[in-house]
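What follows is a single structure, written as C-alpha cells, with notes after it.
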Amino acid sequence: MPTPFSRLLLGGLLALAAAAPATAQSTTRIDSLAIRKLYDEALLRGQSYENLRELCTTIGGRLSGSPQAEQAVQWGKVAMEKLGLDRVYLQEVMVPHWVRGAKEKAEIKPAKGKGLALAVCALGGSVGTGGKLKAGVVEVKSFEQLRQLPEAAVKGKFVFFNRPFEDNLIEPGVAYGRAGDQRRAGPMEAAKRGAVGALVR
C-alpha cells in the first residue's frame, strides 16, 4: 500500500514529467529566436563582404609563409580588436612554405604542324621540374579512369585531367568542389602511376 510520502514523491515526479516538455519547448523557442537575431544581424548589417573585399584587394594572395600571409594575420588581429573582443592574441605555428620559381612555359607539339603555346601556372606546393620536361600526354576524366589504365600507358608521361566544370549546377561551389579534386590530388595520383607531371583543366 503506497505511503503518503511515496504518493507525494510520485505526484512530484509526474508534475516534473509534465512540465519538462513545456520547458524544453520554451527553451527551444528562445534559442531559435536568438539564432534568428544572429542571422538577421549578419545578413542585414554584416561586414563580411566588405572585410573580404579589403583583405583581397589590399593584401592580395596569401600563400602560407609569404609576406602577404603575415600581413593578413596582422590585419585580422587589428580587425578583431576594433570589434572590441575581450582578448586578441597571436600564436606561433609552423606552416608549409612554398615559393614560385620563374614563369612556367608549356607547349604542345603535334607530330605535324606548328606547336601550340599554353598559358600555364604551377600548382602551389608542387615540386620543380629540374629543367625542361618533354613527354607524351594521356587524357583522363577521373581518378578511376587513371587507375584502370595499364602502367605502361601512364609511366613517363603527363596525365591531363580534363573533367569539365559543371556549368549547369545552381551552386557554383558544389561544381567547383566536384572538379577541384583534380587540382588537389591530381598530381599525387599521377605520380603514383609513374607520370612525370600532371596538367589540370
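Filtering the stretch 170-201 to residues that are surrounded by 13 or more Cβ atoms within 10 Å (Cβ to Cβ) and either of a type in the set (A, V, I, L, M) or modelled with pLDDT of 95 or more (or both) leaves A175, A179, A185, A190, A191, A195, V196, A198, L199, V200.
Within the stretch 1-60, being modelled with pLDDT under 55, surrounded by 10 or more Cβ atoms within 10 Å (Cβ to Cβ) and hydroxyl-bearing (S, T, Y) holds for one residue alone: S6. For V99, the conditions (1) β-branched (V, I, T); (2) loosely packed, with under 13 Cβ neighbours inside 10 Å; (3) more than 21 Å from R62 (Cβ to Cβ) all hold with the exception of (3). Only one of the numbered conditions (1) more than 21 Å from A195 (Cα to Cα); (2) without any contact (Cβ under 8 Å) to a residue 12 or more places away in the chain is violated by K134, and that is (1).
When the residues of the stretch 145-169 are narrowed to those that are of a type in the set (A, V, I, L, M) and over 22 Å from A117 (Cβ atoms), which ends up surrounded by the fewest Cβ atoms within 10 Å (Cβ to Cβ)? Reasoning before the result, please.
Step one: of the stretch 145-169, the residues of a type in the set (A, V, I, L, M) are 146, 149, 152-154, 159, 169.
Keeping just the survivors that are over 22 Å from A117 (Cβ atoms) gives 146, 149, 152-154, 169.
On the way: L146: 21, L149: 14, A152: 9, A153: 13, V154: 22, L169: 13.
Only one residue fits best here, namely A152.
Contact annotation: residue pairs with Cβ atoms under 6 Å, 6 or more positions apart or on different chains, pairing a residue in the stretch 100-129 that is more than 17 Å from Q182 (Cβ to Cβ) with a partner that is small (G, A, S), are E104/A122; E107/G115; E107/A117; K109/G115.
The values are calculated or read from the model by the stated rules, or taken from the named source; none is laboratory data. Every value quoted in this text rests on a predicted model; they were computed, and no experiment measured them. Note that each Cβ is placed from the backbone with ideal geometry, even for glycine, and that neighbours are counted across all protein chains shown.
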